[in-house]
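S.K.: Quick one: structure below, then a few questions.
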């Protein structure tokens, strides 16, 4: 029985997807001397989108949370300085 596919955490516009497929095909040709078709490049992109992108997405969320927390702490300090 096939494992159900997870929904992608991000989606690309058709133009972005086409560009990503092109870059995958070019990388595989230049680095590994492999000629991938559009279907194979799309499969690699789908793997990255479903399995690897969530790690980068979650890291970005974590970094954004830390930045917002830091900014709010700074704002809180500034407000305390204004207190009379």
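S.K.: Tally the residues that are loosely packed, with under 14 Cβ neighbours inside 10 Å and in contact with a helix residue (DSSP H, G or I) (Cβ under 9 Å, 6 or more places away or on another chain), restricting the search to the stretch 27-47.
M.R.: Number satisfying all stated conditions: 4.
S.K.: Contact list please: Cβ distance under 9 Å, first residue in the stretch 41-57 and at pLDDT 95 or above, second residue surrounded by fewer than 15 Cβ atoms within 10 Å (Cβ to Cβ) and in a helix (DSSP H, G or I), pairs at least six apart or on different chains.
M.R.: From residues that are at pLDDT 95 or above, the pairs are 41/22; 41/23.
The values are calculated or read from the model by the stated rules, or taken from the named source; none is laboratory data. No experiment lies behind these values; they were computed from the predicted model shown. Cβ atoms come from the backbone with ideal geometry, glycine included; neighbour counts cover every protein chain shown.
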